[in-house]
Amino acid sequence: MHSGFVSLRSALPMNIKARFPSFKVWSRAQADIDRVISIWTDCHERHGGP
């Protein structure tokens, strides 16, 4: 992952098997999540994604 998403990597380390039903995402991590979604959306629109 790009090193620019520091808050996202700190708040949400990858653990596919873990379940945290009442987990709350930090506001700074949410900003990184929103940015990733924006990048993917832009790529899909420009290049005819799924």
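What follows draws every value from the coordinates through simple rules; no lab data is involved. Computed from a prediction, not measured in an experiment: that's the story for all the values here. We place every Cβ from the backbone using ideal geometry, glycine too, and count neighbours over all the protein chains shown.
Dividing the alpha-carbon radius of gyration of the chain by the rule-of-thumb value 2.2 N^0.38 Å gives 1.34.
What trypsin sites (Lys or Arg not before Pro) does the chain have in DSSP loop regions with at most 16 other beta carbons within 10 Å? It would help to have the intermediate numbers written out before the result.
On the way: sites: Arg9, Lys17, Arg19, Lys24, Arg28, Arg35, Arg46; in loops: Lys17, Arg19, Lys24.
Passing sites in the chain are Lys17, Arg19, Lys24.
Looking at region 1-48, the chymotrypsin sites (Phe, Trp or Tyr not before Pro) that sit in a DSSP loop and have at most 14 other Cβ atoms within 10 Å of their own Cβ are Phe23, Trp26. Here's the picture: charge each Lys and Arg Cβ at +1 and each Asp and Glu Cβ at -1 in the chain, and of Pro21, Trp40, Ser7 the one pushed furthest to the positive end of that dipole is Pro21.
With helices as the sole contributors, the chain gives -17500 deg cm²/dmol at 222 nm; each DSSP H run of n ≥ 4 counts as -39500 (n - 2.57), and the sum is divided by every residue.
Under a point-charge model restricted to the Cβ atoms of Lys and Arg (+1) and Asp and Glu (-1), what is the dipole moment magnitude of the chain relative to its Cα centre, in debye to the nearest 20? Mind showing how you got there, number by number?
Values: 7 positive and 4 negative charges, 61 e Å.
In debye, rounded to 20, the chain gives about 300.
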